[in-house]
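J.: Handing you a structure now.
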Amino acid sequence: MDAKEQQRALAMIAKQVAGCRACALYQGTTNPVPGEGNASAEIMFIGEGPGFYEDRQGRPFVGASGKFLDELLASVGLDRRQVFITNVVKHRPPNNRDPQPDEIAACKPYLDAQVEAIAPKVIVTLGRHSMQRYFPGEAIGRVHGQPRRKDGVIVVPMYHPAAALHQQTLRRVIEADFARLPEFLAKTLNGAAPARTEVPEQLRRAANPAQAAVDAAAGETKHQDAQQMRLL
Ligand code: SF4
């Protein structure tokens, strides 16, 4: 699929989402939030579901957690124009509750189609619900920040940025996971990955030279994971 075909495919998916009634989440919403970004992105971020501001604007991650995500992207030399951002459900769950399994299942074909159209080299899951798509039964406190190959793609589970808004210690964990993303991927792709796989150019440029400091930060936060799991 070339870039124009990818854009057309994503536009078609967004149109289908706008008219979707496959679960009850569309009821009471202002806008669908199919996702946005670079149709040819090497890196795709998958969150949980739209919140209040996302519903109002029809765009993913535009509230406080979105601002934090922008900061995290900038910390590794990226911005929204280079990545694609979406959620496991495309309509806002009422009162920002968690998306239910049947709703995630109903919405899965759209996310599957987005992943297929974009064909990213790296998928970062944000929060428990998108992590479960690739690592069912895992605990995010145990696997966050650790890249794994899944269905031919490198998947990196991360905490949801919203979880860090009022938790300074968790904020440091997410920042450390993001800071280590280029280095983790370089190690993974240069080691166990098939020879044809290369470190995505966007991440190669963003490689973090201050790894020693990041390792120290991650070591400091590792023992806090059990406590943080109760928050998510
Ligand atoms: S959340 Fe997904 S499955 Fe449910 S109505 Fe919206 S687009 Fe359809």
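J.: What area, in nm² and to one decimal, does the C-alpha convex hull of segment 13-101 cast on average over all directions?
T.: On the way: hull surface 23.3 nm².
The directionally averaged projection comes out at 5.8 nm².
J.: Could you tell me the extents of segment 44-94's C-alpha atoms along the three principal axes, largest first, rounded to whole Å?
T.: 34, 19, 14
J.: List the trypsin sites (Lys or Arg not before Pro) in segment 44-90 that DSSP assigns to loop (not H, G, I, E or B) and whose Cβ has at most 10 other Cβ atoms within 10 Å. Which are they? Let's see the in-between values first.
T.: Details: sites: R56, K67, R80, R81, K90; in loops: K90.
Taking segment 44-90 and a limit of 10 other Cβ atoms within 10 Å, no loop trypsin sites (Lys or Arg not before Pro) are found.
J.: Same structure again: Which value in nm describes the separation of the simple spin-label points at A3 and A64, placed 7 Å from the Cα toward the beta carbon?
T.: Simple spin-label model gives 3.8 nm for this pair.
J.: Length gain on complete extension for the stretch Q100 to A18, per 0.36 nm per residue less the alpha carbon to alpha carbon distance?
T.: 27.5 nm
J.: Any idea how far apart K150 and S75 come out in nm if each label point goes 7 Å out from Cα toward Cβ?
T.: For the pair K150/S75, the computed spacing is 2.2 nm.
J.: What is the magnitude of the charge dipole of segment 1-132 about its Cα centre, with +1 placed on the Cβ of each Lys and Arg, -1 on the Cβ of each Asp and Glu, and no other charges, expressed in debye to the nearest 20?
T.: Computed charge dipole of segment 1-132: roughly 260 debye.
J.: In a shell of Cβ-Cβ distance under 13 Å around E116, excluding E116 itself, what net charge do Lys and Arg (+1) and Asp and Glu (-1) give?
T.: Working: positive: K108; negative: E5, D112, D151.
Every neighbour counted, the sum reads -2.
J.: Regarding segment 53-154, what's the average projected area of the Cα-atom convex hull, expressed in nm²? Please report the intermediate quantities before stating the final value.
T.: Numbers: hull surface 28.5 nm².
Averaged projected hull area, Cα only: 7.1 nm².
All of the numbers you see were taken from the coordinates with simple rules; none came from a lab. Just so you know, these numbers come straight off a predicted model, no measurement behind them. Positions of Cβ are backbone-derived with ideal geometry, glycine not excepted, and every protein chain shown enters the neighbour counts.
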